[in-house]
Amino acid sequence: MLEHYFNKLELDLTLDQTTFGSVVDTYISHFPNLEKAKIAIIGQSESSNAIRKHLYQLSEIGLIKDTIVDLGNMKNHKNDQDHQSALYLVIEELKNLNIVPIYIGNNINQGFSLYRGIKQTLNQMQVTCISSRIPITENQILHKITNDKSDDLCITNALAYQNHFVTSEEIDLTKNKNYKLLRLGNLKSNIEEAELYLRDSNLVLFDINAIRHADAPAKESINPSGLTSEEACQIARYAGMSDDNDCFGLFGYIPDLDDRELTAALCAQVAWYFINGFYSRMNDKPDKHPDFIKYRCDFSDRDTPILFLKSKLTSRWWMKIEHPADPNNSNLTLTIPCSYEDYLIAANGETPERYLDALQSLK
C-alpha cells in the first residue's frame, strides 16, 4: 500500500561501508522491506534530495542495520489538500507499524497531517513546535491543532520563539490552553531545559527558521539571531531520545537559496542527531521500570507534598504531583519531567514554578 504514495529516488552517490547511507534500505530499485524497520525517512519532494546527499555521507550509527528505510519522495498531487490527505494516510500506516517517520517538508503547516496521523491511537498527545515564532494565528499549525476536536487532550510546547517576532495577541491565544512556552533566551541560557519539554513529546515539528541566518541561510526568514547549529543538533537529539516520540518533522529548507549547500548539510546533521538520539533510548520512565531514587518534599499541612524521582539509569528527574482535592487517587496523580534544580528549590521549602504550572492542569 505505502509504495503507491512514493517515487523512486535517483541518487548518484558513492558510499563506503562506514557511512550512514550504506546501512539504509533506500527506494532506488525496490521498495524497502518494512519488517524490521524502526525509522522511515520521507521527503515531500525532490528538494529533500540535497539533504539526503549530506545525510548519507555522515558516519554510520551503531545498531541501525536493517532498521532504517528511506521511502523516497511523495508523488505529486493536483493540490496541497490531496498531498496532505496522502501524507496523513502514510503517517497513520507507519504509526500502526511502530515505525517512526522523519518527514522533510517545505512548510511547518504540513505538520497538521503528521499530527492527525499519529493521534488516533493516543489517549493524550503532546506536540512540540520549534520555531522563531508561535504559529498560532488562523490557518497556522498551532491554530489548527488548538481548534481540533480533541484539542483538550493535547499539550502543546512552543520552543525557541523570539519576543520580537511574537505579538501580544499570539501570547494571549496561548493562555487558558495547554501551552508551555520556552523563549529563545531562556533556552540558550540552559539548553537542558529543552529536554524537559521534549521528553514526553509524541510529535516534534522543527522549523529551520528557528536557526540563525549565519548557520542556515537557505530558508524564508533572514534572521541574525536564533539557534546555533550546535543547539539545533542537541535539540534534535533530545527529541530522538524521547521514548514517546512517534514522528519528527523538519521544515523550511529552500534549495534555490543554498548555493554551497550549507543549510542542506545542517539539516542532514539535525536528522542524524535525531536518529542518534532514537538509538540511545532506554525506556526510562517511572511507569516503565522500578530503578528510581525517591525524595519526598513536604510543605505545610495545607500544601500537597511533592515526590521527586531520580532515574538510576540516566540520572533524569521527574516530579509526581497528587491531586489537591483527592491525593489518594493515583489515577489523578500527575508525573512530569523536571530538573535537579526543581528538587533543590523544593528541598529548601520553596515551590518550584514547574509545580505550580502543573497544578493548574489538575484543577
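The values are calculated or read from the model by the stated rules, or taken from the named source; none is laboratory data. Everything numeric in this text was worked out from a predicted model, so none of it was measured. As a convention, Cβ positions derive from the backbone with ideal geometry for all residues, glycine included, and neighbour counts pool all protein chains shown.
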Which of the residues belonging to region 56-79 are closer than 16 Å to LEU13 by Cβ, among the acidic types (Asp, Glu) and part of a loop (DSSP other than H, G, I, E, B)? GLU60
Mind telling me which of the residues ALA214, ALA264, ALA268, ALA236 ends up being farther than 19 Å from LEU181 by Cβ and within 10 Å of the chain's Cα centre (by Cα)? ALA236
Could we say that LYS53 is in a helix (DSSP H, G or I) and among the basic types (Lys, Arg) here? yes
Output yes when any residue across region 311-320 is closer than 18 Å to TYR238 by Cβ and either assigned by TED's automatic domain parsing to the domain that holds PRO101 or in a helix (DSSP H, G or I) (or both), and no when none is. no
Return the only residue of ARG260, ARG316, ARG354 being among the basic types (Lys, Arg), under 30 Å from PHE20 (Cα atoms) and surrounded by 12 or more Cβ atoms within 10 Å (Cβ to Cβ). ARG316
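Could you count how many residues in region 12-37 are among the small types (Gly, Ala, Ser), surrounded by 10 or more Cβ atoms within 10 Å (Cβ to Cβ) and part of a loop (DSSP other than H, G, I, E, B)? Full working, then the answer.
Keep residues of region 12-37 that are among the small types (Gly, Ala, Ser), which gives 21-22, 29, 37.
Those left that are additionally surrounded by 10 or more Cβ atoms within 10 Å (Cβ to Cβ): 21-22, 37.
Right, trim to part of a loop (DSSP other than H, G, I, E, B) and you get 37.
Of the residues in region 12-37, 1 are among the small types (Gly, Ala, Ser), surrounded by 10 or more Cβ atoms within 10 Å (Cβ to Cβ) and part of a loop (DSSP other than H, G, I, E, B).
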Cβ-Cβ under 8 Å pairs, at least 6 apart or on other chains, region 331-359 side touching a residue at least 24 places away in the same chain (Cβ under 8 Å) and in a helix (DSSP H, G or I), far side exposed (fewer than 14 other Cβ atoms within 10 Å of the Cβ) and charged (D, E, K, R): LEU332/ASP326
Looking only at region 186-233, count every residue that is over 21 Å from GLN140 (Cα atoms), among the acidic types (Asp, Glu) and in contact (Cβ under 8 Å) with a residue 40 or more places away in the chain and tell me the total. 6
Does GLY277 count as loosely packed, with under 12 Cβ neighbours inside 10 Å, of a type in the set (Gly, Ala, Ser) and either at pLDDT below 95 or under 30 Å from ILE108 (Cα atoms) (or both)? no
If ASP259 meets every condition in (1) at pLDDT 95 or above; (2) out of contact with any His (no Cβ under 9 Å at 6 or more places or on another chain) apart from one, which number is that one? (1)
So which residues in region 104-114 are over 18 Å from ALA218 (Cα atoms) and surrounded by 24 or more Cβ atoms within 10 Å (Cβ to Cβ)? GLY111, LEU114
Would region 143-164 turn up any residue that is small (Gly, Ala, Ser), surrounded by fewer than 18 Cβ atoms within 10 Å (Cβ to Cβ) and in a helix (DSSP H, G or I)? no
Which pairs turn up if I take residues in region 92-119 that are assigned by TED's automatic domain parsing to the domain that holds PHE251 and part of a helix (DSSP H, G or I) and look for partners that are surrounded by fewer than 23 Cβ atoms within 10 Å (Cβ to Cβ) and of a type in the set (Phe, Trp, Tyr) with beta carbon separation below 6 Å, at least 6 apart in sequence or on another chain? SER113/TYR88; ARG116/TYR88; GLY117/TYR88
Here are some conditions: (1) over 16 Å from PRO101 (Cβ atoms); (2) assigned by TED's automatic domain parsing to the domain that holds LYS119. PHE206 meets all but one. Which one does it not meet? (1)
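Could you grab me the full set of residues in region 179-196 that are within 17 Å of the chain's Cα centre (by Cα) and not in a helix (DSSP H, G or I)? Before you say what the answer is, go through the steps one by one.
At the first step, the residues of region 179-196 found to be within 17 Å of the chain's Cα centre (by Cα) are 179-184, 187, 191-196.
Passing the criteria: TYR179, LYS180, LEU181, LEU182, ARG183, ILE191.
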Per the list (1) over 22 Å from THR314 (Cβ atoms); (2) out of contact with any strand residue (DSSP E or B) (no Cβ under 6 Å at 6 or more places or on another chain); (3) of a type outside the set (S, T, N, Q), residue check on LEU203 breaks on (2)
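Go over the candidates ALA214, ALA265, ALA232 one by one and state the one that is under 21 Å from GLN110 (Cβ atoms) and not aromatic (Phe, Trp, Tyr). Outline the logic, then answer.
Numbers: ALA214 fails: under 21 Å from GLN110 (Cβ atoms); ALA265 fails: under 21 Å from GLN110 (Cβ atoms).
None of the others qualify; the one that does is ALA232.
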List the residue pairs whose Cβ atoms are under 6 Å apart, where the first residue sits in region 125-142 and is among the small types (Gly, Ala, Ser), the second is assigned to a strand (DSSP E or B) and at pLDDT 95 or above, and the two are 6 or more positions apart or on different chains. SER131/ASP207
Filtered residues of region 323-350 (kept if at pLDDT below 80 and crowded, with 17+ Cβ neighbours inside 10 Å): HIS323
How about region 3-45: which of its residues are within 19 Å of ASN76 (Cα to Cα) and either outside the structural domain of MET74 (by TED's automatic domain parsing) or not aliphatic (A, V, I, L, M) (or both)? GLU3, HIS4, TYR5, PHE6, ASN7, LYS8, GLU10, TYR27, PHE31, GLY43, GLN44, SER45
